[in-house]
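Working notes, structure below.
Each value in this text was obtained by applying a stated rule to the coordinates, not by laboratory testing. For clarity, every value in this text was computed on a predicted model and none was experimentally measured. Heads up, the Cβs are rebuilt from the backbone with ideal geometry, glycines too, and the neighbour counts pull from every protein chain shown.
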Amino acid sequence: MAAVEQLEELRTTEFGRLDACGEVYLDYTGAGLYAQSQIDAHVALLRDSVFGNPHSVNPTSAAMTERVEQARAAVLAFFSASPDEYEAIFTPNATGALRLVGEAYPFHSGDRFLLTFDNHNSVNGIREFARARGADTTYVPSVAPDLRVDEAVLRRYLTNVGGDHHNLFAYPAQSNFSGLQHPLEWIDQAHEHGWDVLLDAAAFVPTNRLDLSKHNPDFVCLSFYKMFGWPTGVGALIARREALAKLERPWFSGGTIVAAFVQREYYQSAVGAAEFEDGTVNFLNLPAIEIGLAFLARIGMDQIHEHVHELTGRLLGILAELRHTSGAPATVVYGPSYVERRGGTIAFNFLHPDGRVVDERFVDRVAQKHSMSLRTGCFCNPGAGETAFTISRETLVGGEFGPGMTLDDYVEAIGLPSGGAVRASLGLPTNAADLDRFRAFAEEFIDVLDVPHDLPPRHGC
Ligand SMILES: Cc1ncc(COP(=O)(O)O)c(C=O)c1O
C-alpha cells in the first residue's frame with residue numbers, strides 16, 4: 001500500500017476518534033495521540049495477567065520485572081543504543097530525566113554549564129543546580145529571524161575551556177517553540193573539547209529517527225507520551241554508562257541501593273539504571289512503552305518523518321499565502337519559514353491589516369469555535385520567545401517581574417504586543433483535511449481590524 005494511503009487508513013482505524021469527535025488536533029508537541037491498538041494491547045495485557053511490584057522473586061513480581069526489563073531493552077533498541085554503551089533509566093517524564101542530571105552533575109566552582117537560548121524551562125532550570133554548586137552558566141544566543149545559533153559563536157564558547165573541569169552543554173535536538181532542528185554534529189564538536197552533552201530529544205523523537213549508534217550524547221531526555229500518546233507519566237534518561245558514573249546522586253531511596261544501614265550511616269548504591277530509579281517505577285505502564293515503540297516501528301520513523309515534513313511545508317504555505325484584502329500579510333512565522341532542518345512545529349502570530357499582532361487570546365477564542373487544539377503563549381521556552389519578539393536583556397532587567405504582578409501587567413510593562421505566539425504542531429495522525437480546516441480557521445483573521453474587549457486575563461505564560 002502506498003505510504004499516503006496507509007497513513008490515511010490508520011487515521012480511520014487507529015485515530016478514528018478524532019473525526020468521530022470532530023476535533024482538529026494540532027498540538028502534537030504538547031502531547032502525541034495514542035493509537036486504538038496500543039490501548040487494546042495494553043488493556044488485554046493487564047486484563048489477562050497478574051503483575052506484582054517488580055524486583056522480588058515471587059512469580060507475579062518476577063513476571064513484572066521481566067516486562068520492565070523488556071521495555072528497557074526495547075527503548076535502547078529503538079534508538080540503536082548499544083547496551084554496552086548506554087543505559088535506559090525510566091523517569092516520570094523528560095523533566096524528571098533532566099532533574100536527575102542537573103541535581104547529580106558534579107558541578108564545582110570554575111565548571112561551566114553552557115546552553116542555548118532555545119531551551120525548555122526544564123533545561124533552563126538546571127542553571128539553578130549549577131549556580132548552587134558555584135559553576136558558571138552561559139547562554140548561546142539564537143539569531144532572528146530563523147532563530148538558529150550562530151555556529152561561529154557556539155564554536156568560540158565550546159573551545160574556550162581550560163583546566164580539568166566538568167563542563168556540560170545542553171541543547172534541544174528540535175525546538176519546542178519554533179520546530180527548528182539544531183545540528184546533532186554539535187555533539188562531536190563538544191566532545192572534542194571535553195564537554196559532556198545533554199541532548200533534549202523530547203520534541204525531536206516523535207517524528208524523527210534518533211540513532212545513538214551515530215550520535216553519542218552523554219545524556220538524552222524524552223517523554224513517551226509525546227512519541228505515542230500513551231502512557232503519560234513515563235519518560236526516560238538514556239545515558240552513556242561512562243557519563244552516569246560521573247554523577248553524584250544527592251540522596252538514596254528505596255530501589256536505588258543494594259544495602260543501607262541505620263546504626264552505621266552507610267549505603268551502597270545499586271548499579272546501572274536502578275541507582276537512578278527512585279522508589280517503585282510506574283510498572284504497570286511500562287509494557288505500554290514497548291507497545292508504543294512497536295507501533296511507531298511498524299509504520300517506520302522515516303515514513304512518519306516524511307509525512308510530517310510534507311504537511312509542514314503545506315502548513316507553512318497556508319500561513320505565507322494568507323493576506324488581507326489590502327495585500328498586507330496576515331501572519332508572521334517565528335523561526336524557519338522553510339521546511340529544511342526543521343520539524344513539524346510552527347510558531348507564528350496572526351497580524352491585523354496594519355501589522356499589529358492579533359491578541360493570542362482572541363486566537364484561542366476563534367480556535368475553540370473551530371474545535372481546534374493549538375497552543376498559545378511562550379511554550380515554556382522563554383529564550384526562543386525573547387529572541388522571536390526581540391525583547392532585550394535591558395528590557396527584562398528594567399521591567400522586573402515582581403510579586404503580585406499578573407502576566408497582563410508584565411506584558412504591558414515591557415511593551416509586548418501580545419502574550420506570546422500561536423503554535424501549531426503536526427504528528428503522524430495529521431491529514432490534509434486537518435490542514436483544510438486550519439485554512440478555514442485562519443481565514444477568519446483576514447481583515448480583522450480589532451479584537452473584542454472582553455478577552456480573559458492572562459494567568460501564566
Ligand atoms: C523540548 C522539550 N523538552 C522538555 C519538555 C518537558 O517535557 P515533560 O513536561 O514531559 O517533562 C518538553 C515538553 O513540552 C519539551 O517540548
field: All-pairs alpha carbon distance profile, segment 1-56, 10 Å steps from 0, percent
entry: 18, 36, 27, 15, 4
- request: Please list the non-local residues whose amide H lies under 5 Å from the amide H of Thr138, H modeled 1.01 Å from N, same-chain partners needing a gap of 5 or more.
  value: Phe113, Leu114, Leu115
message: Can you tell me the length gained on complete extension of the stretch Val43 to Glu310, counting 0.36 nm per residue apart and subtracting the Cα distance?
response: 92.7 nm
- line: Charge tally for neighbours of Asp436 with beta carbon under 12 Å away, counting Lys, Arg as +1 and Asp, Glu as -1, is +1
statement: Among segment 277-296, those whose backbone N falls under 19 Å of a label point 7 Å along Cα→Cβ from Thr60 are 280-288
query: Which is farthest toward the positive dipole end of segment 271-393 among Ser326, Gly279, Ile299, measuring Cα position about the Cα centre, with Cβ charges +1 (Lys, Arg) and -1 (Asp, Glu)?
result: Ser326
- request: Would you mind getting me the FRET efficiency between Asp408 and Glu9? Use the beta-carbon distance for r and R0 = 51 Å, nearest 0.05.
  value: 0.65
message: Per residue, how big is the convex hull of segment 111-214 when only Cα atoms are used? Give it in Å³.
response: 99 Å³
- prompt: Using the Cβ atoms and a cut-off under 14 Å, what net charge is assigned to the surroundings of Pro452, where Lys and Arg are +1 and Asp and Glu are -1?
  reply: -3
statement: So, over other residues within a Cβ distance under 13 Å of Phe177, counting Lys, Arg +1 and Asp, Glu -1, the net charge is 0
- prompt: Let a ≥ b ≥ c be the square roots of the eigenvalues of the Cα gyration tensor of segment 71-156; is it rounded (a/c under 1.5), or, if not, prolate (a/b larger than b/c) or oblate?
  reply: oblate
message: Shape verdict for segment 86-132, please, from the Cα gyration tensor: rounded (a/c under 1.5), prolate (a/b greater than b/c) or oblate.
response: oblate
query: Pulled fully out, how much extra length does the chain show between Ala260 and Ala20, if you take 0.36 nm times their separation in residues and subtract their Cα-Cα distance?
result: 80.9 nm
Cα-projected label distance for Glu443 with Arg365, points at 7 Å along beta-carbon direction, nm: 2.2 nm
message: Using C-alpha positions alone, give me the convex hull volume of segment 47-191 per residue in cubic angstrom.
response: 162 Å³
task: Determine the calculated [θ] at 222 nm for the chain from helices alone, applying -39500 (n - 2.57) to every DSSP H run no shorter than 4 residues and normalising by the residue count; nearest 500 deg cm²/dmol.
output: -11000 deg cm²/dmol
message: Order 113-119, 238-244, 343-349, 185-191 from most to least packed using the mean count of other Cβ atoms within 10 Å.
response: 343-349, 113-119, 238-244, 185-191
- line: Label model pair Leu396, Ser326: point-to-point distance (7 angstrom along the Cα→beta-carbon line) in nm is 3.3 nm
message: Using only Cα atoms and rounding to the nearest 10 degrees, what angle (0 to 90) does helix 286-299 make with the longest principal axis of the chain?
response: 50 degrees
- request: Find the all-direction average of the projected area of the Cα convex hull for segment 176-291, expressing the result in square nanometres with one decimal place.
  value: 9.3 nm²
message: Please compute the modelled spin-label separation between Asn160 and Asn121, points set 7 Å along Cα→Cβ, answer in nm with one decimal.
response: 2.9 nm
task: Compute the whole-percent fraction of alpha carbon pairs in the chain spaced more than 38 Å apart.
output: 28 percent
message: So for each of 171-179, 204-212, 132-140, 291-299 I average, over its residues, the number of other beta carbons within 10 Å; can you give me the resulting order with the highest mean first?
response: 171-179, 204-212, 291-299, 132-140
- line: As a percent rounded to 5, the proportion of antiparallel DSSP bridges among beta bridges in the chain is 60 percent
query: Can you pull the percent of Cα pairs in segment 215-365 with separation above 18 Å?
result: 74 percent
- prompt: For segment 1-122, max minus min Cα coordinate along each principal axis, in Å, sorted largest first?
  reply: 57, 48, 27
statement: Between His459 and Glu151, Cβ-based FRET efficiency (R0 25 Å, step 0.05) works out to 0.05
- request: Report the far tail of the P(r) of segment 40-85, meaning the percent of Cα-Cα pairs longer than 16 Å.
  value: 51 percent
- request: Would you mind classifying segment 122-179 by shape? Square roots of the alpha carbon gyration tensor eigenvalues, ordered a ≥ b ≥ c; an a/c under 1.5 is rounded, otherwise it is prolate if a/b is larger than b/c and oblate if not.
  value: oblate
- prompt: Quick one: helix 36-48 against the long Cα principal axis of the chain, what's the angle to the nearest 10°, folded into 0 to 90?
  reply: 30 degrees
message: Could you sort the peptides 163-169, 378-384, 251-257, 300-306 by per-residue average Cβ neighbour count (10 Å cutoff), highest mean leading?
response: 378-384, 163-169, 300-306, 251-257
message: Against the empirical 2.2 N^0.38 Å scaling, what ratio does the C-alpha Rg of segment 313-367 come to?
response: 1.17
task: Take segment 197-240, compute every pairwise Cα distance, and split them into 5 Å bins from 0; I just need the percent in each bin.
output: 5, 23, 32, 24, 11, 4
